[in-house]
1. Restricted to the stretch 70-116, and to residues that are more than 12 Å from the chain's Cα centre (by Cα) and of a type in the set (Ser, Thr, Tyr), which residue is farthest from Glu45 (Cα to Cα)?
2. Considering Ala211, Ala230, which residue is surrounded by fewer than 17 Cβ atoms within 10 Å (Cβ to Cβ) and without any contact (Cβ under 8 Å) to a residue 12 or more places away in the chain?
3. Assess whether Asn204 counts as being over 26 Å from Pro87 (Cα atoms), over 25 Å from the mean Cα position of the chain (by Cα), at pLDDT 95 or above and of a type in the set (S, T, N, Q).
4. Of the residues in the stretch 193-232, how many are in a loop (DSSP other than H, G, I, E, B) and closer than 15 Å to Glu161 by Cβ?
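The values are calculated or read from the model by the stated rules, or taken from the named source; none is laboratory data. For clarity, every value in this text was computed on a predicted model and none was experimentally measured. When we count neighbours, we look across all protein chains shown, and the Cβ atoms used for this are built from the backbone with ideal geometry, even at glycine.
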Amino acid sequence: MSEASETTPDPSEPAVDAPVADDVAASADADAAPESFEPLTAVYERLRHSTDAAELSEFARRPLPDQSDQAAYSRATALLEAVAGNPHTPLEDRVFLGETMPFPNVLVKLSVDEAVEVRLAVAGNPDVKNWLVGRLTKDPVPQVRDRALHNRNTSWKMRMEGAQNPEVDAATLEFLSHFGVDAEAGAPAVLTAMVRRAVALNPNTDDATLARLRDDADPAVARAAARASAGR
């Protein structure tokens, strides 16, 4: 019996060199493997200490994932906190975050930013929490305090303290003098009257505002305005 002959390659099939076959297999393995996923804490710390302004700007402006993807959404908001607290994030991006972000963890970082423009952005944010905007009513910069006192989320207590502050300007006092009358008319009458009375007694309140408060529907406010006017 003759020995078995070697298998003759089928000429209809293209020959594959061994190195090429190895490359194809490696590529298939790479495609099958899951993408590398950097842990949240690692990315957070990297962004918190990054000096790469372009990278930080890209994160600041990156659209948020859909809220239906809760894991991705939570991860993105956590990373924005790191970006917001990094002074190497470009100023215009920190202002953008201060104006548009509704997340307390992000706004807390921005509310203590050294740049006045950033704190102004937070003070005017319509979604800022009342306890946080309340802090900004005591900011050392008058413009930030005034912006915070104009915010609709500022509590009556913070507004009253603002109305009592002798450093608050006449324009802000005029704004506060409408509290409970033609602005937020549904607020508790006793509390809003206390704010208007404090405005009447503030030495920075201008004559036009005092004249209007002398005709206030609340007797205590009207009397305070009359006394203040008489003392000028």
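1. Top of the filtered list is Tyr73.
2. Ala230
3. Judged against the criteria, Asn204 is a match.
4. Within the stretch 193-232, residues that are in a loop (DSSP other than H, G, I, E, B) and closer than 15 Å to Glu161 by Cβ number 2.
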